[in-house]
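**Student:** The structure under discussion is supplied below as structure tokens; questions concerning it will follow.
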Amino acid sequence: MIKKLHNINNFQVLKKIGSGTFSTVYKVKEITTGRFLAVKKIWTSSDPKCRDFMHEVNTLLRLKSKYIIEIKYFSIRFKRLYIFTSLHKDNLATLLNIHKKIEYYLPTNVIQYIMLQLISGVRYCHRKNIIHRDIKPENIVIDKDFKLRLADFGSSLDIRKKPIDNIKFATTYEYAAPEIGFNIGMDLFSQDVWSIGCVFAELLTNKQLFCMKDSSELRFISIYKVVGIPTEDQKIMNILKFYKMDLNTKPLITIEKLCGLEEESKEINLLKSFLNPNYMLRINLHDAINHKFFS
């Protein structure tokens, strides 16, 4: 049973290991046991009970999997929420940044191992009706033997809870599915599938696939110029027409060229299945695990 702490003085802060818009993460030592943990300190609003941010705690309490970060304790003090979790060596972003600097590419078998774990973890979340909504290398913690866990459920969505017609955009732009930039498919699992594809591309190439910093709708339109136009989706077609996008224009650059991969390779086949421009036709995660890339 997860314990709610009323006193957090039993922990010694060792160092800061990460930060986000609303939180800071520290490595801490539990004095009575000697074990090391991570604690996420979330700055809250005026609500003393931190109800705005308890969603993440409740989500982690529901998710029990070897592919999901493990919650140990939580505490509410002075309008701040503290979430204590298992501690891991690094996140995937740190690992990739090291490899980029030395121009080292992960072997195929390591990429397969990482991807199988990531897909399994996200698939487990979806079975529990949870959309992560912010899958990216920074939110994937990893140990030296490449075992990983999915972390940071602060933006996640429980699709059992209605109404969900006022969902705010939460995904990091570089990993966001283009349709959610137009408030389409905000409550669908397919947005996580797209993000998995972006992580996959980064593992293969050591670079972000869509690294544009523009947060406007034009950024998402530019993605369609690469992956293709979902002609079956009238809503998106109408939006693209509104922005005067030439719907007959061939892609300026293909996914294959962008990633430097062979057109008929297993890698590109799986990648394009994740990044299908039609969110209704993206590969489901059961089929992804059984894809020929992993055989």
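**Student:** Against the conditions (1) within 30 Å of Asn206 (Cβ to Cβ); (2) in contact (Cβ under 8 Å) with a residue 12 or more places away in the chain, where does Tyr82 fall short? Just the number, please.
**Tutor:** For Tyr82, the exception is condition (1).
Each row is one residue, and each column tells you yes or no for (1) in the same structural domain as Phe146 (by the TED database); (2) closer than 19 Å to Ile130 by Cβ.
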| position | (1), (2) |
| --- | --- |
| Asn7 | no, no |
| Lys15 | no, no |
| Lys29 | no, no |
| Leu37 | no, no |
| Asp52 | no, yes |
| Val57 | no, yes |
| Phe78 | no, no |
| Glu103 | yes, no |
| Asn109 | yes, no |
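**Student:** Moving to a separate point now. For the list (1) in contact (Cβ under 8 Å) with a residue 60 or more places away in the chain; (2) part of a helix (DSSP H, G or I); (3) touching a helix residue (DSSP H, G or I) at 6+ places or on another chain (Cβ under 8 Å); (4) of a type outside the set (Asp, Glu), I need the number of the one condition that Leu106 fails.
**Tutor:** Against the list (1) in contact (Cβ under 8 Å) with a residue 60 or more places away in the chain; (2) part of a helix (DSSP H, G or I); (3) touching a helix residue (DSSP H, G or I) at 6+ places or on another chain (Cβ under 8 Å); (4) of a type outside the set (Asp, Glu), Leu106 comes up short only on (2).
**Student:** I would also like to ask the following. Applying the selection to region 9-19, what residues are touching a residue at least 12 places away in the same chain (Cβ under 8 Å), surrounded by fewer than 15 Cβ atoms within 10 Å (Cβ to Cβ) and either not in a strand (DSSP E or B) or not aliphatic (A, V, I, L, M) (or both)?
**Tutor:** Within region 9-19, Asn10, Gln12, Lys15 qualify.
**Student:** Just a yes or no: is a residue in region 32-51 free of Cβ contacts under 8 Å to residues at least 24 places away in the same chain and among the β-branched types (Val, Ile, Thr)?
**Tutor:** yes
**Student:** In region 156-168, is there at least one residue being assigned to a loop (DSSP other than H, G, I, E, B), surrounded by 18 or more Cβ atoms within 10 Å (Cβ to Cβ), at negative phi and at pLDDT below 95?
**Tutor:** yes
**Student:** Tell me, which residue of region 20-68 that is among the β-branched types (Val, Ile, Thr) and surrounded by 16 or more Cβ atoms within 10 Å (Cβ to Cβ) is farthest from Lys147 (Cα to Cα)? Show your work before the answer.
**Tutor:** Applying the first criterion (among the β-branched types (Val, Ile, Thr)) to region 20-68 yields 21, 24-25, 28, 31-33, 39, 42, 44, 57, 59, 68.
If we keep only those that are surrounded by 16 or more Cβ atoms within 10 Å (Cβ to Cβ) as well, we get 25, 28, 39, 42, 44, 57, 59, 68.
Values: Val25: 21, Val28: 21, Val39: 20, Ile42: 27, Thr44: 32, Val57: 23, Thr59: 22, Ile68: 11 Å.
If we take residues in region 20-68 being among the β-branched types (Val, Ile, Thr) and surrounded by 16 or more Cβ atoms within 10 Å (Cβ to Cβ), then Thr44 is farthest from Lys147 (Cα to Cα).
**Student:** If you check every pair at least six apart or on different chains, which have Cβ atoms under 7 Å apart with a residue in region 214-227 that is modelled with pLDDT under 80 first and a residue that is in a loop (DSSP other than H, G, I, E, B) second?
**Tutor:** Glu217/Tyr243; Arg219/Met212
**Student:** May I ask you to list the residues in region 256-271 that are touching a residue at least 40 places away in the same chain (Cβ under 8 Å) and surrounded by 14 or more Cβ atoms within 10 Å (Cβ to Cβ)?
**Tutor:** The answer is Leu258, Cys259, Leu261, Glu267, Leu270, Leu271.
**Student:** Would you tally the residues in region 131-149 being surrounded by fewer than 18 Cβ atoms within 10 Å (Cβ to Cβ) and in contact with a Lys or Arg (Cβ under 7 Å, 6 or more places away or on another chain)?
**Tutor:** 2
**Student:** Mind listing just one residue for me: the one in region 218-238 that is in contact with a Phe, Trp or Tyr (Cβ under 9 Å, 6 or more places away or on another chain) and more than 20 Å from Tyr173 (Cβ to Cβ) and, of those, surrounded by the most Cβ atoms within 10 Å (Cβ to Cβ)? Please lay out each step first, then the result.
**Tutor:** The initial filter retains those residues of region 218-238 that are in contact with a Phe, Trp or Tyr (Cβ under 9 Å, 6 or more places away or on another chain), namely 218-223, 226, 230, 233, 235-236.
Next cut, more than 20 Å from Tyr173 (Cβ to Cβ) only: 233, 235.
Values: Asp233: 19, Lys235: 13.
Ranking the qualifying residues of region 218-238, first place goes to Asp233.
**Student:** So for region 193-207 (the condition being surrounded by 17 or more Cβ atoms within 10 Å (Cβ to Cβ), at pLDDT below 90 and touching a helix residue (DSSP H, G or I) at 6+ places or on another chain (Cβ under 8 Å)), does at least one residue qualify?
**Tutor:** no
Table: residues versus (1) assigned by the TED database to the domain that holds Leu204; (2) at pLDDT 95 or above; (3) in contact with a helix residue (DSSP H, G or I) (Cβ under 7 Å, 6 or more places away or on another chain).
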{"residue": "Leu63", "(1), (2), (3)": "no, yes, yes"}
{"residue": "Ile98", "(1), (2), (3)": "yes, no, no"}
{"residue": "Met115", "(1), (2), (3)": "yes, yes, yes"}
{"residue": "Ile119", "(1), (2), (3)": "yes, yes, yes"}
{"residue": "Arg127", "(1), (2), (3)": "yes, yes, no"}
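The values are calculated or read from the model by the stated rules, or taken from the named source; none is laboratory data. Keep in mind that this is a model prediction, so the values were computed, not measured. All Cβ positions, even for glycine, are placed from backbone atoms using ideal geometry, and neighbour counts span all protein chains on display.
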